[in-house]
Amino acid sequence: MLRKIGGFGILGGIARWVLRLCMVLALVLAGLIIAYRFVTPVSTLMLLQMVEQKKIDRIYVPLDRVSPHLIAALITSEDAHFCHDHGVDWGALREVIDQSGEDGPSRGASTITMQVARNLFLWQSRSYIRKGLEIPLALLLDFAWPKRRILEIYLNVAEWGHGIFGAEAASETYFHKSVHDLTPAEAALLVGVLPDPHDRDPRHPDRALLYHARVVMRRLHYGRPALACLRREG
């Protein structure tokens with residue numbers, strides 16, 4: 001009987017420590033969400049590469065200095081309902097979950113806001129656990145930040161190649177020009193790199209990248225209404 005009571009005491013102590021740890025993590029996360037609303041953020045992948053002493057190339061730029069062609073291409077490709085959703089596309093997410101296997105979702109259905117949540121606070125490999133954490137984080141970010149801030153951070157933390165983070169660094173690396181000066185075709189190629197940044201290069205586009213860029217170019221007009229939405233917010 002004493003052993004059982006002692007066992008329950010040990011388990012209770014562990015539970016209390018776990019609860020305290022969760023509360024601390026929640027407070028840290030809340031602090032970061034508030035801070036990143038105003039200061040330049042660093043993604044978990046950047047931090048990992050810093051720890052591994054790998055070179056990181058990033059030049060932070062405000063949203064007003066990004067080509068509208070790239071903004072339209074990004075929204076067309078990654079999140080057509082960006083201005084109207086609340087961080088999560090429930091219909092697309094349900095469809096992906098219905099088609100998932102035992103190892104988790106085979107494709108993302110992640111909105112731009114969910115990708116920002118993942119880049120800033122989570123890890124990159126796909127799993128139900130990560131997706132389950134992405135959703136509440138995306139809802140929090142959509143509540144705490146304006147759409148302009150979400151998009152600006154995405155454009156400055158997304159990976160566009162080995163050690164290349166953010167649209168400005170990508171544009172200068174691949175096209176030798178500022179992201180402000182990208183043409184529609186260059187913007188479509190750059191967005192086409194995002195699904196596979198380690199194996200796609202817009203300077204030497206393979207068949208998959210060219211196909212993706214052509215699709216984005218054909219649908220570019222779908223992303224242009226978002227520009228008006230973002231201007232109203234600004």
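The values are calculated or read from the model by the stated rules, or taken from the named source; none is laboratory data. Please read all numbers here as calculations on a predicted model, not as lab measurements. Here the Cβ is made from the backbone with ideal geometry for all residues, glycine too, and neighbour counts use every protein chain on show.
Assorted remarks:
- Any hit, region 91-98, residues being closer than 28 Å to residue 128 by Cα, in contact (Cβ under 8 Å) with a residue 12 or more places away in the chain and part of a loop (DSSP other than H, G, I, E, B): no
- Restricting the first member to region 208-226 and to residues that are over 11 Å from residue 71 (Cα atoms), and the second to residues that are modelled with pLDDT of 90 or more and small (Gly, Ala, Ser), the beta-carbon pairs closer than 6 Å and six or more apart or on different chains are 209/192; 212/192; 213/188; 213/192; 216/73; 216/77; 216/188; 217/188.
- Test: residue in region 154-171 that is part of a loop (DSSP other than H, G, I, E, B) and at pLDDT 95 or above: yes
- Residue 80 falls short on exactly one of the conditions (1) modelled with pLDDT under 90; (2) in contact with an Asp or Glu (Cβ under 8 Å, 6 or more places away or on another chain); (3) among the aliphatic types (A, V, I, L, M), and that condition is (2).
- Any chance residue 138 is small (Gly, Ala, Ser), free of Cβ contacts under 8 Å to residues at least 40 places away in the same chain and in a helix (DSSP H, G or I): no
- Matching residues, region 99-116, being at pLDDT 70 or above and not in a helix (DSSP H, G or I): 109, 110, 111
- Test: residue 154 is surrounded by fewer than 17 Cβ atoms within 10 Å (Cβ to Cβ) and either in contact (Cβ under 8 Å) with a residue 60 or more places away in the chain or of a type outside the set (Val, Ile, Thr) (or both): no
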